[in-house]
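One structure is given here, and the rest of the page talks about it.
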Amino acid sequence: MKKHVAANVSWVGKIDWELKKFHGEEYSTHRGSSYNSYVVEEGKTVLIDTVWMPFAKEFVDNLEAEGLLAKLDAVIANHGEIDHSGALPELLSRRPDLPVYCTANAVKSLKGQYHADWDFKVVKTGDSIDVGNGKSLVFVEAPMLHWPDSMFTYLTGDAILFSNDAFGQHYASELLFNDLVDQAELMQECVKYYANILTPFSPLVKAKIEEVVGMKLPVNAIATSHGVIWRKDPLQIVTKYMEWAQDYKEDRVTIMYDTMWNGTRRLAEELAKGIVDASPSTQVVVHNVARTDKNDIITDVFRSKAILAGSPTVNKGVLSALAGIMEEIKGLKFKGKKAAAFGTYGWSGESPKVISELLKESGFDLVEGGPKALWMPDDKALEAAREFGRAFAKAL
Ligand code: FEO
């Protein structure tokens, strides 16, 4: 139900505690999520975004129960993706007269998904709606943050930036505001969200932040479309995004592998020991990619200055779990990270070469000479892996 945000602004969204996978099966949401919708009640009453389609009726029924449905003058669709636009068909079937403010690209995405011809009002950066009481809702297009149709809406006076997906987190909480929740959990969900969704668009993220900061608008709160609202030190998440958008890396190395009979696992473990031998402050994380959530692995890759990827040779290639995550990593376009390949084999032994090619195609700066062990690595092969770990750490 309606929750007070500030002045005449309320949250009217949906908290989805049950959600464990998002974007189909693509993104794990260990802590659930929320679909944040807001209503501004000034001289005019304007709804900003809606909720995911399964909650459409509940959402519109709530608006009706709160006396808002009949009162609405307009709805703003900051982004056409179904988790935010999913209740538009229900809403507009009950209020077909409502104008829908969105970008030209959002008209395409909304028509493409719902096959409906609503009363679209196309807006561009700088356009606004006068909501009365001296306040306006001002639009700022934000293409590729993260869809071509994305935009922000800024409420003057109260100085609230409705940023849609940008600065959000898949994090269910009844507490609504950033200062009320566990800070470590919150930041973990923020970095995971950036790493898995926004990394390929980092140059655009940086440029858009510079553009918005250049407008010198006061910002009292950033009201995202997922997770909590940034009201305490709201620009902290903008500062973080600027760091993350610029080839981010920590003193961290991610080792990821798949294994059949534990030979490649043993190499991975020796590599980890070797890195810490040479660089005791480096945080090393080791993931069996077949057993670990891929979005958590990608979050570690994002935070790392280098990665090591390993697989036994199978059918002259690599195991499918490693191939799958390498495909994902390639699409995310990480920059400024080093990498090396390793693996075991019994017969032909192509896997380190195949992995090296995948790493190069994915934009990593390859360190040659990663360990390659015949059959089960013996003490000599394990020591060679450990020694490579030491050399790799020194090369970073
Ligand atoms: Fe949360 Fe791009 O939708």
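Quick one: of the DSSP bridges fully inside the chain, what percent are antiparallel, nearest 5?
Antiparallel bridges make up about 45 percent of those DSSP assigns within the chain.
Which FRET efficiency, nearest 0.05, do residue 179 and residue 113 yield, Cβ-Cβ r, R0 30 Å?
Given R0 = 30 Å and the Cβ-Cβ separation, E is 0.25.
For residue 255, enumerate residues with amide H under 5 Å from its amide H, sequence gap 5+ or separate chain, H modeled in the peptide plane.
Amide H neighbours of residue 255: 285, 286, 287, 308.
Tilt of helix 294-303 relative to the longest C-alpha principal axis of the chain, in degrees (0 to 90, nearest 10)?
Between helix and principal axis, roughly 80 degrees.
Which residues' amide hydrogens lie under 5 Å from the amide hydrogen of residue 145, considering only partners 5 or more residues apart or on another chain, with H built in the peptide plane?
Amide H neighbours of residue 145, under 5 Å, 5+ apart: 150.
Whenever you get a sec, compute what percent of the accessible area on the range 106-202 sits on carbon and sulfur atoms (1.4 Å probe).
54 percent
Multiplying the sequence separation of residue 70 and residue 144 by 0.36 nm and subtracting their Cα-Cα distance, what value in nm do you get?
23.3 nm
Roughly how many nanometres apart are two label points built 7 Å out from the Cα toward the Cβ at residue 246 and residue 187?
1.8 nm
If amide hydrogens are placed 1.01 Å from N in the peptide plane, which non-local residues have theirs closer than 5 Å to the one on residue 120?
100
Rank 187, 176, 223 by how far each Cα sits towards the positive end of the charge dipole of the chain (+1 on Lys, Arg Cβ; -1 on Asp, Glu Cβ) and give me just the farthest.
Of 187, 176, 223, it is 187.
Report the label-to-label distance for residue 122 and residue 18 in nanometres (one decimal), using points 7 Å from each Cα along the Cα→Cβ vector.
Taking the simple label geometry, residue 122 and residue 18 are separated by 4.0 nm.
In a GNM of the chain with a 10 Å cut-off on Cα contacts, which of 152, 120, 302 has the highest mean-square fluctuation?
For the chain, modelled as a Gaussian network with Cα springs under 10 Å, the answer is 120.
Quote the convex hull volume per residue of the range 1-130, based on C-alpha atoms, as a whole number of Å³.
Here the figure is 120 Å³ per residue.
Can you run phi through the Karplus equation (6.51, -1.76, 1.60; θ = phi - 60°) for the range 103-110 and list ³J(HN,Hα) in whole Hz, with x for Gly and Pro?
6, 4, 5, 5, 4, 5, 5, 5
Can you work out the FRET efficiency for the pair residue 4 and residue 133, with r the C-beta to C-beta distance and R0 = 30 Å, to the nearest 0.05?
For residue 4 and residue 133, the calculated efficiency is 0.95.
With bins 10 Å wide starting at 0, give me the P(r) of the range 253-395 over every alpha carbon pair, in whole percents.
13, 49, 34, 3
Starting from the Cα gyration tensor of the range 3-244, take the square roots of the eigenvalues, sort them a ≥ b ≥ c, and report rounded, prolate or oblate (rounded when a/c is under 1.5, otherwise prolate if a/b is larger than b/c, else oblate).
Verdict is rounded for the range 3-244.
Can you tell which of 200, 237, 257 lies farthest toward the positive end of the dipole of the chain, using +1 and -1 charges on the Cβ of basic and acidic side chains (Lys, Arg; Asp, Glu)?
257
Could you calculate the FRET efficiency of residue 261 with residue 97 from 1/(1 + (r/R0)^6), where r is the beta carbon distance between them and R0 is 56 Å, rounded to 0.05?
Calculated transfer efficiency: 0.25.
Considering the chain as a Gaussian network with a 10 Å cut-off on Cα pairs, which listed residue, 380, 20, 294, attains the greatest mean-square fluctuation?
380
Expressed as an acute angle from 0 to 90° and rounded to the nearest 10, what is the orientation of the C-alpha long axis of helix 351-361 relative to the principal long axis of the chain?
Around 40 degrees separate the two axes.
On the accessible surface of the range 253-395, probed at 1.4 Å, how many percent belong to carbon and sulfur atoms?
51 percent
Carbon and sulfur atoms: what percent of the 1.4 Å accessible area of the range 1-96 do they account for?
Percent of accessible area from carbon and sulfur atoms in the range 1-96: 54.
Take the alpha-carbon centre of the range 319-396, take the same for the range 254-308, and report the distance between them in whole Å.
11 Å
Using the basic label-point model (7 angstrom from Cα toward the beta carbon), what is the residue 216 to residue 366 distance in nanometres?
For the pair residue 216/residue 366, the computed spacing is 5.1 nm.
Accessible area per residue, 1.4 Å probe, Å², for the chain: what's the number?
Dividing the accessible area of the chain by its residue count gives 41 Å².
Given springs between every Cα pair under 10 Å in a Gaussian network model of the chain, which of 185, 42, 270 has the largest fluctuation?
Of the options given, 185 has the highest mean-square fluctuation.
Report P(r) for the range 100-220: all Cα-Cα distances, bin width 5 Å, range 0 to the bin holding the largest distance, values in whole percent.
2, 10, 17, 18, 19, 18, 11, 4, 0
Angle check, please: helix 379-395 long axis (alpha carbons) against the longest principal axis of the chain (alpha carbons), in degrees 0 to 90, nearest 10.
For helix 379-395, the angle is close to 50 degrees.
Could you work out the relative contact order of the chain, using alpha carbon pairs under 8 angstrom and six or more residues apart, expressed as a whole percent?
Reported relative contact order: 11 percent.
The values are calculated or read from the model by the stated rules, or taken from the named source; none is laboratory data. If you're wondering where the values come from, they're calculated on a predicted model, not measured in any experiment. As a convention, Cβ positions derive from the backbone with ideal geometry for all residues, glycine included, and neighbour counts pool all protein chains shown. Accessible surface is based on the protein model in full, side chains and every heavy atom, while ligands, DNA and RNA are left aside. Shrake-Rupley method; radii C 1.70, N 1.55, O 1.52, S 1.80 Å.
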